[in-house]
Amino acid sequence: MTQPLPRLFVALVAGALFGFGLALSGMLDPARVIGFLDIGSGHWDPSLAFVLGGALAVALGAMALVRRMKRPVLDDHFHIPPPGQIDRRLILGSALFGLGWGMAGFCPGPAIAALSMGFLPVVLFVAAMLAGMTIHDRFVAVGAVRR
Amino acid sequence: MNYWPSLSGGLLIGLSAALLLLLNGRIAGISGIVGRLAQGAQVPANAAFVIGLLAGPVLFAIAFGRWPQVTIVASLPAILIAGLLVGFGTRMGSGCTSGHGILGLARFSRRSIAATAIFLVAGIAAATLMRLVG
C-alpha cells in the first residue's frame, strides 16, 4: 500500500503551507524570534507564543484523529517515534540547539524557508547548520538517523 | 501589536503538519526532514517538502506584494556558531521547534516536552546574554 506520487504531492503542498505559514506568522524574522526569547529586554514580543499556540491547536486535533485511524491515508503505517527515555543526548542536544536558536534567532524551518530570499547571512547560517548536522551524523552518532 | 498574522500563520503550520501526518503518516519535523535529506534517505518526499518550504516566502510575496521581513541581528561569526549549534543540537536531540515543539507536544511525548522546555530555557539564556554582551 504505497502511493509514491500522491505522497510526493502531499509533501510538496505541506512544505509550501509550512513556509507560507512561517512567512505570514512573522517568524522568518530573527529579530522577532529574539524579541520573544529575550524576556528581559523591556519590550517583549509574544508573537511566537501565538504561532506555537495556533500550530499546536491544529496538531492536537490531528493527533486525536490519528488515534482513531489504523494507518495514514497514503501509507501502511504511521512513522511516529516510539516513546523513549529522556536521556543525556536529548538534554544536551536540545540545550545546544536552544543556545544557537537564541544567538541568531533562527531554527531550521525559518532558516531553510528564508533561503529563497537570498540573504547571505541566511545562506551562511544554513551552511553551518548542515555542517553541524553532518558532523553529528558522521562522527558522533553514525547511523542514528531514523528511517 | 497585531497578533492575528502570527496566529493565522501558526494555524497554517499546524495544517501542514496535520496533512503530512494524516495523509503520509510522517512527522513534520524540519530538522529530521533536512537531516534525512542530507543523509540521502527518502530523498523524493523530503526534497518535495523542502522545495515547498522554499516556495513559501515566494507565495507570500505573490499574495501580499511584499517580501516577509527578515532582520539579521547577530554578527557573522555569531551566525556561523549558531548554525553549527542548531545543526548539531537538533540531530543530537532528535528534533527542533517543529518536531518536538509542535508535533511532540501534541502527542504528549515526555521526551518532546523535556526537549521543548530545555531549548526554550537555553534560547532565553542565549538571547539575554547576546543583549548583555553585544
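Structure summary
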quantity: Residue match in region B:82-93 (condition: buried (at least 24 other Cβ atoms within 10 Å of the Cβ), of a type in the set (Phe, Trp, Tyr) and either free of Cβ contacts under 8 Å to residues at least 24 places away in the same chain or assigned to a loop (DSSP other than H, G, I, E, B) (or both)); calculated: yes
quantity: Residue match in region A:33-45 (condition: surrounded by fewer than 24 Cβ atoms within 10 Å (Cβ to Cβ), among the aliphatic types (A, V, I, L, M) and assigned to a loop (DSSP other than H, G, I, E, B)); calculated: yes
quantity: Enumeration of residues in region A:65-89 that are assigned to a helix (DSSP H, G or I) and over 21 Å from A:Leu17 (Cα atoms); calculated: A:Arg88, A:Arg89
quantity: Long-range neighbours under 9 Å by Cβ, at least six apart or interchain, first residue in contact (Cβ under 8 Å) with a residue 40 or more places away in the chain and more than 7 Å from chain A (Cβ to nearest Cβ) within region B:98-123, second basic (Lys, Arg) and part of a helix (DSSP H, G or I); calculated: B:His100/B:Arg111
quantity: The listed residue being more than 7 Å from chain A (Cβ to nearest Cβ), within 17 Å of A:Leu130 (Cβ to Cβ) and of a type outside the set (S, T, N, Q), out of B:Gly95, B:Gly83; calculated: B:Gly95
quantity: Selected residue [farther than 29 Å from B:Ile72 by Cα and either modelled with pLDDT of 95 or more or at the interface with chain B (Cβ under 7 Å from one of its Cβ atoms) (or both)] from A:Asp75, A:Asp45; calculated: A:Asp75
quantity: Region B:79-111: number of residues that are under 13 Å from A:Ala95 (Cα atoms) and polar (S, T, N, Q); calculated: 3
quantity: Single condition A:Leu28 does not satisfy, out of (1) within 7 Å of chain B (Cβ to nearest Cβ); (2) in a helix (DSSP H, G or I); calculated: (2)
quantity: Helices (runs of 4 or more DSSP H) within region B:1-78 that include 3 or more residues of a type in the set (Phe, Trp, Tyr); calculated: B:43-64
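One line per residue, one yes/no per condition, for (1) within 7 Å of chain A (Cβ to nearest Cβ); (2) without any contact (Cβ under 8 Å) to a residue 40 or more places away in the chain:
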site: B:Asn24; (1), (2): yes, yes
site: B:Ile30; (1), (2): yes, no
site: B:Gly35; (1), (2): yes, no
site: B:Gln39; (1), (2): yes, yes
site: B:Gly56; (1), (2): yes, yes
site: B:Ala63; (1), (2): no, yes
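The values are calculated or read from the model by the stated rules, or taken from the named source; none is laboratory data. If you're wondering where the values come from, they're calculated on a predicted model, not measured in any experiment. Glycine gets a Cβ as well: all are built from the backbone with ideal geometry, and neighbour counts include every protein chain shown.
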